[in-house]
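Read-outs: derived from the displayed coordinates by stated rules, not from any lab. Every value quoted in this text rests on a predicted model; they were computed, and no experiment measured them. For neighbour counting, all protein chains shown are included, and Cβ atoms are generated from backbone atoms with ideal geometry for every residue, glycine included.
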Amino acid sequence: KRFAVQGEKWKYTNLTWSLSSVRRPSQLDPGETRSVLARALDVWEQASRLTFTEINSEEADIVVAFARGAHDDAYPFDGRGAILAHAFFPGTGRGGDAHFDDDELWLLHPKNDDEEGTSLFAVAAHEFGHSLGLSHSSVKGALMFPWYQGIQPNFVLPEDDRNGIQQMYGPKVNNRKWAKIPYRPVETPPPTTTTTTTTTTTTRRPYVYYPNHHDRNYPRKPDYIPYPHDPSRFPNYPRRPTKTYPERPTYYPTRRFYNTSEEIPRRRYHQHHPRPTETTTHAVTYRPHYPTVRHEYPTNPRHNYPNEPRRDYPRKYYPERTTQRPTRAPESDKPDTCNTSYDAVALIRGELFIFKNRYHWRIGAYGRYPDYPMEITRMWPSLPRNLTHVDAVYERPDKKIAIFIGKELYLFSTQTLLPGYPRPLARLGLPPTLEKIDAAMVWGYNGKTYFYSGTMYWKYDEDEGRVELDYPRSMAMWKGVSYNIDSVFQWKDGKTYFFKGKGYWKFNDLQMQVENEKQLPSAQYWMGC
Amino acid sequence: APTGHRAMRHIHHEKSARGYLERFGYLSKGRPEMANLLMGNSVQSYEDDFRIAIKTLQEFGGIAVTGELDEATKKLMKQKRCGRPDREEWESENGHRK
């Protein structure tokens, strides 16, 4: 029996914390609440090298929030009693945050254990242990014991918890052994001096096997080779043609006597049977010993003058339009190819499709296709006409194309919407309260489909048609990737790419973490800007 | 054999206990596949897992380890507690256990 170190820990010892201004306690005074939380943090500060500074920002390392019921994570509260609070292990984004059940009767200054209610100090000290990287302990009496035990006056951190936190961050005393844990540098503004800098770009473009599409000579058919030139590979060539064609008959201008009817050159009927007088039928005039005239307009001999055109002529080959041509919305919201974020990215039929607003780009082996960005509804006409954007797109293992828009899923076979679609997301086993999907992909590592939304993700069973049990899980599983991503897909190089804003992360599937902590710019790599 | 009402209550208690154990990491979620159930292979292991999970919970909570869903265990499950799982061992998406 002992403390349990979870494994993740903060890289620095000077941590910041704040009480969320959005999710404040509904029944408690915020000032006194902050005071109690500071005391709870002080418990850990006194036993380790950690320091805690309160700031007024939602970007603090440890953000304390009060919430009820389901509150946008995988651990909903259950009203008064039972579950009191939970916290997340150290990490970016939601890592380190602590959530308290606002339905509980919180006591800021409990007098004794018999008093009805729950000591905020006791629970906060426990949850902050999780925020620092400690898991639950099986030692009864330890602060990290999972069940509520109340708090005694003149509280002292139990030995089990002290051993745990000191193993991670070192004791309070100045010990050279623990000097390796750095102090996070305070951000200072850069000096205002002008210097010339040279930058080298190390952007790697996708390898193009064919000439760039800007070369007008390409793509083109290969040059004609009448026969193979390499006799070593084609020993039967060059050779005479196997078949000789008969000579075509020539037209003889004078009469001749012919042996068979096959040799008689073919002539038109009126050439064999000339009419004695001038005749005009079907807009053609036949006159003996004169060339046949094909009139531009047919003539009617009943008209007043010769060659008067008929009344229904001239006429167009196509009738007049009777319906109105549908008007297209003005293209004022066309995104800038080299300076935009993406709504969705997908690899479809071996080509890269990038979606933004009503438009999409298509990038093939030769680079970006001309005439793009193009409206999405031109490629998939069954989508709503008033489409503003798509949320996620991916190609299923059965080669069908899934497009998520809001709470609905559209499934296409190439460009045809399949019957029964669009379907609500709830039919896939997703929560009915889910507003949209951020991203979707088929992960090549295991061939499974994943849906991402907010801070959670689901694993989808394509055979069952529903998400698997034990989901949703936290996005923290994909280490280094922020919450609320824009898109994700697996490229032909086998790597997974997560997109957010105008940048992306390259993900290492084996290590389950990003290869680049800082985002790389998307436009240069994917759009060829 | 228990009477009708007692049997129903027992099933209800076991269901809610199973949910509790799954929530806090003592049991993995999901039921065995129907084919295995018909074979009769995993029914026994299904119940064994439940019994082992109860024992683990009792040991973690510092109460008598019986393997049965007794009153002490039910009382422990109703106590106020933290929402994090007690057992954090899980399998990441690429199959590596953490």
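Numerical summary
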| item | result |
| --- | --- |
| Average Cα contact separation per residue, the range A:16-148, under 8 Å, 6 or more apart, as relative contact order % | 24 |
| Calculated FRET value between A:E462 and A:R325, using beta carbons and R₀ = 51 Å, to 0.05 | 0.80 |
| Charge sum, other residues only, whose C-beta stays under 10 Å from A:F52's C-beta, Lys/Arg counted +1 and Asp/Glu -1 | -4 |
| Simple label model, 7 Å out from Cα along Cβ direction - A:S21 to A:E351, nm | 4.8 |
| Sorted by Cβ density within 10 Å, fewest first, the residues A:C529, B:C82 | A:C529, B:C82 |
| Length-normalised contact order for the range A:467-529 - Cα pairs under 8 Å, 6+ apart - percent | 24 |
| 10 Å Cβ neighbours from other chains, averaged over peptide A:130-141 | 3 |
| Charge sum, other residues only, whose C-beta stays under 13 Å from A:T496's C-beta, Lys/Arg counted +1 and Asp/Glu -1 | +1 |
| Neighbouring partner chain Cβ atoms per residue of A:83-92, average, 10 Å criterion | 3 |
| Loop GluC sites (Glu not before Pro), the range A:23-110, which have at most 11 other Cβ atoms in a 10 Å radius of their Cβ (DSSP) | A:E59 |
| Efficiency of FRET from Cβ geometry, B:I63 and A:H389, R₀ 60 Å, rounded to 0.05 | 0.60 |
| Potential extension, A:R378-A:Y318 segment - 0.36 nm per residue separation minus Cα distance | 19.1 nm |
| Projected label distance in nm at A:V293 and A:L417, using a 7 Å step from Cα toward the beta-carbon | 5.9 |
| Spin-label pair A:C529/A:Q511, simplified geometry with 7 Å Cα→Cβ offset, distance in nm | 2.9 |
| Which of A:W361, A:W491, A:W505 has the fewest Cβ neighbours within 10 Å, and the rest in rising order | A:W491, A:W361, A:W505 |
| Cut-off 12 Å between beta-carbons: net charge of the residues surrounding A:L41, Lys and Arg +1, Asp and Glu -1 | -3 |
| 10 Å Cβ neighbours from other chains, averaged over peptide B:71-83 | 5 |
| Cβ-derived FRET efficiency at R0 51 Å, B:R51 paired with A:E59, nearest 0.05 | 0.65 |
